[in-house]
């Protein structure tokens, strides 16, 4: 049994391959990975879960705000944020309204009715919902132009200043899940100190943090009692690395859990307040390549996955998993969607209880009809004695679909095929191929083939 099978939930994260950024999911129970987007994300993208785990929101390429509906795989673009504006998104307690700031307004977009309401708020940022669903926390400026935290009703009334800050800018503002505390870092990047504030009394608590005073990515535990964060450290010969630390909300019981090779790393809590996921495996001046997990009661790190590059990450209970994932193969220069519950058998084949797909390439001549007939009427009769061939176009290219006859051998599992002419011939291991071929079970061929896109 895999060690991961003892853990629940799903971690959403940003992944990069070949300069393209995407939002992906990592399933803790079986270690599977599902790609949700096709190049829509960016290096700064961070996935934000709705409370019922049915949706993900993120700011992607060109700073467009996207929502992923996990039950269908549909992705909707709802707005665009300006080049120097805050990227914070937050879901309402009823899981349907997304709050964010842009153009000197607090925006509240209802993803079911597709309507937005706004509150005028100059220089507002870091907007987040209070648990009552009737108020918002945000950062703004006071009459002297100093950054402060405010709360306001969703109808724009009852604006109240919470903090009496005099020290400098506030960054990484985060409201505790129970709505009683907020945290922030100050004053900047080279020196980054964590502070918390009791929203009832206004009392501010200082977190000691690391000796370099470079404390980043402070993140509340789901029960609002602890904060996990990354503290940058330095040793001669080794250089910079970071310590994963936890601390109480008033600054007590701070301790180091483990170390990461990165200068700093985002952290995320499991829903049961027991585990923390973080990143490591940073080459010099590079992005993280590894995702790790650690139990705060038994600090023995567990490697979850290793990839080309990993960015922000966010843990969820994962109540709803997506119907479709995205399969990308750089060798065959192709990308398409497939049922996300299918498991990888090898680089070219995925299987599930209800179907499969496999890919390859065909050299062939200039006549696609000959290529299709050659596949359909192979001497081993993989499609039976009288297969059907349908001419079509896929991704703007000449294509055909091959369906079996009733006497197809049972061991072929109702295998069908889609053959598509490459826009430009592809070289694989020194040979040139003119056609891409997808094999899949009869039920899934059409739904997969129509999503084929060439890289």
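The values are calculated or read from the model by the stated rules, or taken from the named source; none is laboratory data. Keep in mind it's a predicted model, so treat the numbers as computed, not measured. Glycine gets a Cβ as well: all are built from the backbone with ideal geometry, and neighbour counts include every protein chain shown.
When you check residue 68 against the structure, is it crowded, with 16+ Cβ neighbours inside 10 Å, under 28 Å from residue 178 (Cα atoms) and at pLDDT 95 or above, yes or no? Give the steps one after another, and end with the answer.
Working: crowded, with 16+ Cβ neighbours inside 10 Å: yes; under 28 Å from residue 178 (Cα atoms): yes; at pLDDT 95 or above: no.
No; evaluated as a whole, the condition is false for this residue.
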So which of 298, 253, 242 is assigned to a loop (DSSP other than H, G, I, E, B) and either modelled with pLDDT of 95 or more or at positive phi (or both)? 253
Given the range 337-455, what strands (runs of 3 or more DSSP E) lie entirely inside it while holding 1 or more residues that are in contact with a helix residue (DSSP H, G or I) (Cβ under 6 Å, 6 or more places away or on another chain), farther than 30 Å from residue 34 by Cβ and not assigned by TED's automatic domain parsing to the domain that holds residue 73? 388-394, 397-403
Go through the range 133-151 and give me each residue that's farther than 18 Å from residue 172 by Cβ and outside any strand (DSSP E or B). 133, 134, 142, 143, 144, 145
In the range 114-132, residue surrounded by the most Cβ atoms within 10 Å (Cβ to Cβ) [restricted to those that are in a loop (DSSP other than H, G, I, E, B) and on the phi > 0 side of the Ramachandran plot]: 123
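Can residue 30 be described as in contact with a helix residue (DSSP H, G or I) (Cβ under 9 Å, 6 or more places away or on another chain), in the same structural domain as residue 282 (by TED's automatic domain parsing) and at negative phi?
Working: in contact with a helix residue (DSSP H, G or I) (Cβ under 9 Å, 6 or more places away or on another chain): yes; in the same structural domain as residue 282 (by TED's automatic domain parsing): yes; at negative phi: yes.
Yes.
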What are the pairs, 6+ residues apart or on separate chains, where a residue within the range 155-167 that is on the phi > 0 side of the Ramachandran plot has its Cβ under 7 Å from a residue that is part of a loop (DSSP other than H, G, I, E, B) and surrounded by fewer than 12 Cβ atoms within 10 Å (Cβ to Cβ)? none
Going through the range 174-196 one residue at a time, which ones are farther than 23 Å from residue 312 by Cα and either buried (at least 21 other Cβ atoms within 10 Å of the Cβ) or not assigned by TED's automatic domain parsing to the domain that holds residue 46 (or both)? 181
From the option list 305, 328, 289, 268, single residue qualifying as on the phi < 0 side of the Ramachandran plot and not assigned by TED's automatic domain parsing to the domain that holds residue 195 is 328
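For (1) on the phi < 0 side of the Ramachandran plot; (2) crowded, with 21+ Cβ neighbours inside 10 Å; (3) part of a loop (DSSP other than H, G, I, E, B), each residue gets a yes or a no:
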| position | (1), (2), (3) |
| --- | --- |
| 11 | yes, yes, no |
| 43 | yes, no, yes |
| 51 | yes, no, yes |
| 76 | yes, no, no |
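Which one is modelled with the lowest pLDDT, of the residues in the range 315-336 that are within 13 Å of residue 451 (Cβ to Cβ) and assigned to a strand (DSSP E or B)?
Looking only at the range 315-336, we keep the residues that are within 13 Å of residue 451 (Cβ to Cβ), and these are 323-328, 334-336.
Add one more test, that the residue is assigned to a strand (DSSP E or B), and what stays is 324-328, 334-336.
On the way: 324: 80, 325: 84, 326: 87, 327: 90, 328: 89, 334: 95, 335: 92, 336: 92.
If we take residues in the range 315-336 being within 13 Å of residue 451 (Cβ to Cβ) and assigned to a strand (DSSP E or B), then 324 is modelled with the lowest pLDDT.
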Of (1) at positive phi; (2) crowded, with 21+ Cβ neighbours inside 10 Å, residue 220 satisfies every one except (1)
In the range 299-343, residue farthest from residue 423 (Cα to Cα) [restricted to those that are free of Cβ contacts under 8 Å to residues at least 60 places away in the same chain and surrounded by fewer than 21 Cβ atoms within 10 Å (Cβ to Cβ)]: 299
So the check is Cβ under 9 Å with 6+ separation or different chains; which pairs have a first residue in the range 193-207 that's at positive phi and a second one that's part of a loop (DSSP other than H, G, I, E, B)? 202/162; 202/163; 202/164
